[in-house]
1. When only residues in the range 153-205 that are in contact (Cβ under 8 Å) with a residue 60 or more places away in the chain, part of a loop (DSSP other than H, G, I, E, B) and of a type in the set (Ser, Thr, Tyr) count, which is nearest to Leu243 (Cα to Cα)?
2. Please find, within the range 184-206, the residue that is nearest to the chain's Cα centre (by Cα) out of those that are among the small types (Gly, Ala, Ser) and farther than 10 Å from Ala270 by Cα.
3. So is Glu310 within 22 Å of Ala129 (Cβ to Cβ), without any contact (Cβ under 8 Å) to a residue 60 or more places away in the chain and not polar (S, T, N, Q) or not?
4. If I ask for residues that are farther than 30 Å from Thr110 by Cα, without any contact (Cβ under 8 Å) to a residue 60 or more places away in the chain and open to solvent by 20 Å² or more (accessible area, probe 1.4 Å), which ones from the range 381-419 would you list?
5. So, in the range 69-114, of the ones that are open to solvent by 30 Å² or more (accessible area, probe 1.4 Å) and in a helix (DSSP H, G or I), which residue ends up farthest from Tyr399 (Cα to Cα)?
6. Please state which one of Asp364, Asp375, Asp346 is touching a residue at least 40 places away in the same chain (Cβ under 8 Å), among the acidic types (Asp, Glu) and over 23 Å from Asn193 (Cβ atoms).
7. Which residues, counting only those in the range 179-201, are open to solvent by 30 Å² or more (accessible area, probe 1.4 Å) and touching an Asp or Glu at 6+ places or on another chain (Cβ under 9 Å)?
8. Every residue in the range 68-107 that is without any contact (Cβ under 8 Å) to a residue 60 or more places away in the chain and under 29 Å from Gln130 (Cβ atoms), please.
Amino acid sequence: MRNSKKTLAAIVAAASLVGFAACGSSADSTDASTENATGQIVFWGWDSGNSMKDIIKQFEKANPGITVKFNNTGTANDTSTALSNAIAAGNGAPDVVMLEDPTVTQFAVTGGLVDLSKFGADSYKSDFAQGPWNKVQYDSKPYALPIDSGPEMFFYNKSVFDKAGVDAAQIKTWDDYYAAAKKIRATGSYITNVSGGANDYQPFTAQAWQAGAQPWKVNGDNITINMTKDAGMQKYIAFQQKLIDEDLIDTKTTNWSDDWNRELNDGTLASLTIGAWMPVNLISGAPDQAGNWRVAQLPQWKSGEEVSAEDGGSALSIVSQSKNQAAAYKFIDYLTHGDGAQIMADTGTFPSLKSILSSKEFVDPTTASNKKTNDYFGGQNVNKVLSEAAQRPVTAFQYLPYNPYAQNAYGDEIAKAYTKEISLEQAMQNYAKNLAEHGKQQGYTVTLK
């Protein structure tokens, strides 16, 4: 599974990037015992909440003898690229790295990350929400610990739905959603936007996941890609094609663009199916709609089900180059499973730890942070709804070991369906061929169905 051909292909594909400081470990130890761990560790990641400095300070106070040097690597893509370069060079990697959940497999399969079960992390399975925990597994072993989670949610603008005569609280199935989309379109708005670009990749995987789809399966060196014959994918494709054909979704506006924020802010876009981390983005991106937005559970494919899926999320891994893995594990354990997890939740990270998700404090509407969010959502207890979603059951789902490539290629192939150049089924088949060819170039044995 870790042949040199595949390892070289995976790391050479990354673009050149100025390297960050090399591992700062002062101890040469990969012992699984963390009791007496000391020394400096280097940590690469991003800091969207501007809280990492304080969290590291608290960790160092609780763990005298260990110091952490944090390099803010900018974005998730920048971080994975920099890590790829360090692995290619054979040195210069950090001890700890922050990765998007779906990217963990890419580095685990090529031997770049440490199997955390050597530190007993496999015993944490029941402590984390099922969705994020499943995403950091490779070969049934944890190669990272989840920082946060992103259960897919249904966010909607109540005022727009009311104008269309739709009670959004009664949308329980995707058939209900389709009926609502027609009524909302009649008012001049769209129920949502999907352009098929790279930024739609995560919502796509989440919605296909919830439909029970298995577009790709990874078994060691063997990958099976099935984008159009898988039953869950057929269900997803048929539904999306109906929305495209009937002009029920905005296919021109791209997620995270200025136009997207403008349309959320003026009511042109009436809802989003997106991760539970979205509230803060709505507050900043659509300020004129304060008091109008609400959040509900994701519509279901079968009435009465409560199936969830994950959209986004990040995790912490130990890099195989680390010479101080014991101290590195102490750090990631603190941030994800220890006191640091609560600090991160208090500063806006949507938690993956069940003990926080189910705590009274997390859903307390009187806290300052919750009150601000709840006021924007018309007095709704937002975290209560999000917490329920995070603890719903999820089916098994895998990501390709070259996930960043899959995300970029998604936009290249799938956007053509949303501009009506080709059908979504044909776009998915072209996408499958693209992914299969890339997988073969990486040294995998790929079966295309």
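1. Thr192
2. Applying the first criterion (among the small types (Gly, Ala, Ser)) to the range 184-206 yields 186, 188-189, 195-198, 206.
Of the ones still in play, those that are also farther than 10 Å from Ala270 by Cα are 186, 188, 195-198, 206.
Values: Ala186: 33, Gly188: 32, Ser195: 19, Gly196: 17, Gly197: 16, Ala198: 14, Ala206: 9 Å.
Per the criteria, the residue is Ala206.
3. Details: within 22 Å of Ala129 (Cβ to Cβ): yes; without any contact (Cβ under 8 Å) to a residue 60 or more places away in the chain: no; not polar (S, T, N, Q): yes.
The answer is no for Glu310.
4. Correct list: Asn381, Asn383, Lys384.
5. Within the range 69-114, the first condition is being open to solvent by 30 Å² or more (accessible area, probe 1.4 Å), and the residues that meet it are 69-70, 72, 74-75, 77-78, 85, 87-91, 100.
Among the residues that remain, those that are also in a helix (DSSP H, G or I) are: 77-78, 85, 87-89.
Numbers: Asn77: 16, Asp78: 20, Asn85: 22, Ile87: 21, Ala88: 22, Ala89: 26 Å.
Across the range 69-114, the extreme among qualifying residues is Ala89.
6. Values: Asp364 fails: touching a residue at least 40 places away in the same chain (Cβ under 8 Å); Asp346 fails: touching a residue at least 40 places away in the same chain (Cβ under 8 Å).
Matching residue, one of Asp364, Asp375, Asp346: Asp375.
7. Of the residues in the range 179-201, the ones open to solvent by 30 Å² or more (accessible area, probe 1.4 Å) are 179, 182-183, 185-188, 190, 198-199.
Of everything in the range 179-201, those that are open to solvent by 30 Å² or more (accessible area, probe 1.4 Å) and touching an Asp or Glu at 6+ places or on another chain (Cβ under 9 Å) turn out to be Lys182, Arg185, Tyr190, Ala198.
8. Residues satisfying the conditions are Thr73, Thr75, Thr79.
The values are calculated or read from the model by the stated rules, or taken from the named source; none is laboratory data. As the structure is a computational prediction, the values presented were derived from the model and not from experiment. When we count neighbours, we look across all protein chains shown, and the Cβ atoms used for this are built from the backbone with ideal geometry, even at glycine. In case anyone asks, the SASA skips ligands and DNA or RNA and just uses the protein heavy atoms, side chains included. Shrake-Rupley method; radii C 1.70, N 1.55, O 1.52, S 1.80 Å.
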